[in-house]
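Some notes on the structure that comes next.
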Amino acid sequence: MHSKLNLYGRTAAAWLCALLLFFPIFWLALMAFKTEGQAITTPPLLFFTPTLDSFSEVLARDNYFGYAFNSLFTSVVSTAIGLLIAIPAAYSMAFFPTGGTIGLLKFMLSSRYMPGVGALMPIYICYQYFGLLDTRIGLTIMFMLMNLPIMIWLLYTSMKELPREILEASRMDGASVWEEFRYVVLPLSVGGIASTALVCMVWAWNESFWSLNLGASNAGTLAWLIASYSSPEGLFWAKLSAASLMAIAPIMALGWFCQKQLVQGMTFGAVK
């Protein structure tokens, strides 16, 4: 009886946490289907006639698909380029470590969590000098560099868990380092690579700090579009909610269908 009460209590607590986390999404969706007048009504309207005017205005006037393409381009291409660098780096660190490997990994991880504002000025000046401000290439490079330490860490942890016996067997059969990497390590690491790619693509899609500071109307992502609804006259809550809902909907759908891979990618190395 006591164990059942504990189970029911944990289940109720889990549902409560889930509802609390989902409530902002629910309220955002509610606001998106209101008019601007209904959105600022006090107290808030819970029952109203839904309208698609805000969605229509965002699509018609604000080049939503252009910003969405920028988000898709920068997140996908930055992840792909990052994997081309991170996979061989993680392989070398996992199977040919040196005395400084762990220290290097810790340094890379610490650099990922450095406040972006601390590096904004030198990066902005470099981007201005090389003509990378407000360009897709510039944002792609920034997103790739931002996620590269996490990519290497996740792939390193994934490859460290591969059975050493399989690698030793391939070496005994005369496989070279390249053949071992291509025909043994890569096929066995597909799950880890896919999970890492999904996690980093989501982070790049959601990135706002560098999008707002290094992008503008030409290469701005959906984060830049959403920020544009803040003006000296105030916030356009209905259009802001509609744009936000359309920005998070694709990534929420991706997370729903790939939740197993995302959880796996974020928990590599947590349990041995």
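Inspect all residues belonging to segment 88-104 and state whether any of them is more than 25 Å from ARG136 (Cβ to Cβ), without any contact (Cβ under 8 Å) to a residue 12 or more places away in the chain, of a type in the set (A, V, I, L, M) and touching a helix residue (DSSP H, G or I) at 6+ places or on another chain (Cβ under 8 Å). Looking through segment 88-104, at least one residue is more than 25 Å from ARG136 (Cβ to Cβ), without any contact (Cβ under 8 Å) to a residue 12 or more places away in the chain, of a type in the set (A, V, I, L, M) and touching a helix residue (DSSP H, G or I) at 6+ places or on another chain (Cβ under 8 Å).
In segment 136-185, the qualifying residues are those that are small (Gly, Ala, Ser) and modelled with pLDDT under 90, and the one that is surrounded by the most Cβ atoms within 10 Å (Cβ to Cβ) is SER158.
Please work out if LEU133 is open to solvent by 40 Å² or more (accessible area, probe 1.4 Å), among the aliphatic types (A, V, I, L, M), over 24 Å from TRP203 (Cα atoms) and outside any helix (DSSP H, G or I).
Values: open to solvent by 40 Å² or more (accessible area, probe 1.4 Å): yes; among the aliphatic types (A, V, I, L, M): yes; over 24 Å from TRP203 (Cα atoms): no; outside any helix (DSSP H, G or I): yes.
Here the answer is no, as LEU133 does not meet what is asked.
Restricted to helices (runs of 4 or more DSSP H) entirely inside segment 193-272, those with at least 1 residues that are closer than 28 Å to LYS160 by Cα and either open to solvent by 50 Å² or more (accessible area, probe 1.4 Å) or at pLDDT below 80 (or both) are 237-257, 259-266.
Would you check if there is a residue in segment 47-69 being open to solvent by 90 Å² or more (accessible area, probe 1.4 Å), at pLDDT below 85 and under 23 Å from SER211 (Cα atoms)? Yes, because at least one residue in segment 47-69 is open to solvent by 90 Å² or more (accessible area, probe 1.4 Å), at pLDDT below 85 and under 23 Å from SER211 (Cα atoms).
I'd like the residue in segment 113-130 that is part of a helix (DSSP H, G or I), open to solvent by 50 Å² or more (accessible area, probe 1.4 Å) and among the hydroxyl-bearing types (Ser, Thr, Tyr) and, out of all such residues, is farthest from ALA90 (Cα to Cα). Don't jump to the end; show me each part of the working.
The first filter runs over segment 113-130 and keeps only residues part of a helix (DSSP H, G or I), leaving 116-130.
Remaining after also requiring open to solvent by 50 Å² or more (accessible area, probe 1.4 Å): 117-118, 121-122, 124-126, 128-130.
Pick out the ones that are also among the hydroxyl-bearing types (Ser, Thr, Tyr) and you get 124, 129.
Numbers: TYR124: 30, TYR129: 32 Å.
The qualifying residue farthest from ALA90 (Cα to Cα) is TYR129.
Whether any residue in segment 146-155 is aromatic (Phe, Trp, Tyr) and under 21 Å from CYS200 (Cβ atoms) is what I want to check.
Quick first cut of segment 146-155, residues aromatic (Phe, Trp, Tyr) only: 153.
Retained after the next criterion (residues that are under 21 Å from CYS200 (Cβ atoms)): 153.
Checking segment 146-155: at least one residue is aromatic (Phe, Trp, Tyr) and under 21 Å from CYS200 (Cβ atoms).
The values are calculated or read from the model by the stated rules, or taken from the named source; none is laboratory data. Just so we're clear, the structure is a prediction, and the values are computed from it rather than from any experiment. All Cβ positions, glycine included, derive from the backbone under ideal geometry; neighbour counts span all protein chains shown. Only protein heavy atoms, including side chains, enter the accessible area calculation; ligands, DNA and RNA are left aside. Shrake-Rupley method; radii C 1.70, N 1.55, O 1.52, S 1.80 Å.
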